[in-house]
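Participant: Mind looking over this structure? Questions follow.
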Amino acid sequence: MTIVPIPAFEDNYIWLLHNGREAVAVDAGDAEPLLEYLGSHGLRLIAVLATHHHGDHVGGNDDLLRHFPDLAIYGDRRIKTVNHPVGAGETLVFPMLPLSLEVLGVPGHTADHLAYYGANSLFCGDALFACGCGKLFEGTPPQAYASLQKLAALPDGTLVYPAHEYTLENIRFAKLV
């Protein structure tokens, strides 16, 4: 399985997991760069995983459903484009990749924030970044702390795939503080 970052907007990543034929996307905030990549690489999108409801993470889902009417979109039930609601503790299986992902509830950035862990990889949306974590919009500090503790308990060597590139900004902030 290959994991590819597809840049979107100013600093978002849409993560694409594929086997050379079928693909699963994480946080498809903008359909255009994803559709361009899929077309230029001959990939068929079979699923989208949404970490939370912010537009820069789910804004492309409507366009993707127009292109792929049978597309499975996984995420919290409150996201209007989700047609396969999932919650913490569930496991998603994509045998063609092959890939199995555990759904983790990681509230803090938003109340409904999910992350997906499997194959030594964590797709964490805005819960965790290099040198930082997501701002609290709906969650509480204790929720965010518990979520970060849950992510810290994942096995050593876990590869982290956040939905934004904030590394340099986070380092600048850490130096300032």
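The values are calculated or read from the model by the stated rules, or taken from the named source; none is laboratory data. Quick caveat: nothing in here was measured; it's all calculated off a predicted structure. Here Cβ is always computed from backbone atoms with ideal geometry, including for glycine, and neighbour counts include all displayed protein chains. The protein model used for the area step is the full one, side chains on, heavy atoms only, and it has no ligands, DNA or RNA in it. Shrake-Rupley method; radii C 1.70, N 1.55, O 1.52, S 1.80 Å.
Participant: If I go through segment 133-153 residue by residue, how many of them are buried (at least 16 other Cβ atoms within 10 Å of the Cβ) and not in a helix (DSSP H, G or I)?
Facilitator: The total comes to 3.
Participant: Out of the residues in segment 5-28 that are within 18 Å of Pro85 (Cα to Cα) and in contact (Cβ under 8 Å) with a residue 40 or more places away in the chain, which is surrounded by the most Cβ atoms within 10 Å (Cβ to Cβ)?
Facilitator: Selected residue: Asp27.
Participant: Follow-up. Quickly run through segment 42-57 and pick out the residues that are under 23 Å from Asp11 (Cα atoms) and either over 14 Å from the mean Cα position of the chain (by Cα) or surrounded by 16 or more Cβ atoms within 10 Å (Cβ to Cβ) (or both).
Facilitator: Within segment 42-57, Leu45, Ala47, Val48, Leu49, Ala50, Thr51, His52, His53, His54, Asp56, His57 meet the criteria.
Participant: Name the residue, out of Glu36, Glu32, Glu22, that is in contact with a Lys or Arg (Cβ under 6 Å, 6 or more places away or on another chain), of a type in the set (D, E, K, R) and over 27 Å from Leu148 (Cα atoms).
Facilitator: Residue meeting the stated conditions: Glu22.
Participant: Which of (1) within 17 Å of Ser121 (Cβ to Cβ); (2) in a strand (DSSP E or B) is the odd one out, the single condition Leu45 does not satisfy?
Facilitator: That leaves (1) as the condition not met.
Participant: Something else: If you scan segment 100-119, which residues turn out to be open to solvent by 10 Å² or more (accessible area, probe 1.4 Å), within 18 Å of Ala23 (Cα to Cα) and either in a loop (DSSP other than H, G, I, E, B) or among the hydrophobic types (A, V, I, L, M, F, W, C) (or both)?
Facilitator: Passing the criteria: only Ala119.
Yes or no, residue by residue, for (1) touching a Pro at 6+ places or on another chain (Cβ under 8 Å); (2) more than 10 Å from Ala163 (Cα to Cα):
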position: Thr2; (1), (2): no, yes
position: Asp11; (1), (2): no, no
position: Trp15; (1), (2): yes, no
position: Gly20; (1), (2): no, yes
position: Val24; (1), (2): no, yes
position: Asp27; (1), (2): no, no
position: Leu34; (1), (2): no, yes
position: Ser40; (1), (2): no, yes
position: Leu43; (1), (2): no, yes
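Participant: Could you tell me which of the residues Lys175, Lys80 is of a type in the set (Lys, Arg), at pLDDT 95 or above and either exposed (fewer than 13 other Cβ atoms within 10 Å of the Cβ) or in contact with a Pro (Cβ under 7 Å, 6 or more places away or on another chain) (or both)?
Facilitator: Being of a type in the set (Lys, Arg), at pLDDT 95 or above and either exposed (fewer than 13 other Cβ atoms within 10 Å of the Cβ) or in contact with a Pro (Cβ under 7 Å, 6 or more places away or on another chain) (or both) holds for just one of Lys175, Lys80, which is Lys80.
Participant: Moving to a separate point now. Please determine whether any residue of segment 120-132 is over 15 Å from Tyr13 (Cβ atoms), open to solvent by 20 Å² or more (accessible area, probe 1.4 Å), part of a loop (DSSP other than H, G, I, E, B) and in contact with a Pro (Cβ under 8 Å, 6 or more places away or on another chain).
Facilitator: Yes, segment 120-132 contains at least one residue that is over 15 Å from Tyr13 (Cβ atoms), open to solvent by 20 Å² or more (accessible area, probe 1.4 Å), part of a loop (DSSP other than H, G, I, E, B) and in contact with a Pro (Cβ under 8 Å, 6 or more places away or on another chain).
Participant: Any chance segment 58-71 includes a residue that's touching a strand residue (DSSP E or B) at 6+ places or on another chain (Cβ under 8 Å), open to solvent by 60 Å² or more (accessible area, probe 1.4 Å) and either within 19 Å of Gly118 (Cβ to Cβ) or of a type in the set (Lys, Arg) (or both)?
Facilitator: no
Participant: Right, next: Within segment 12-38, which residues are of a type in the set (S, T, N, Q) and not in a strand (DSSP E or B)?
Facilitator: Asn19
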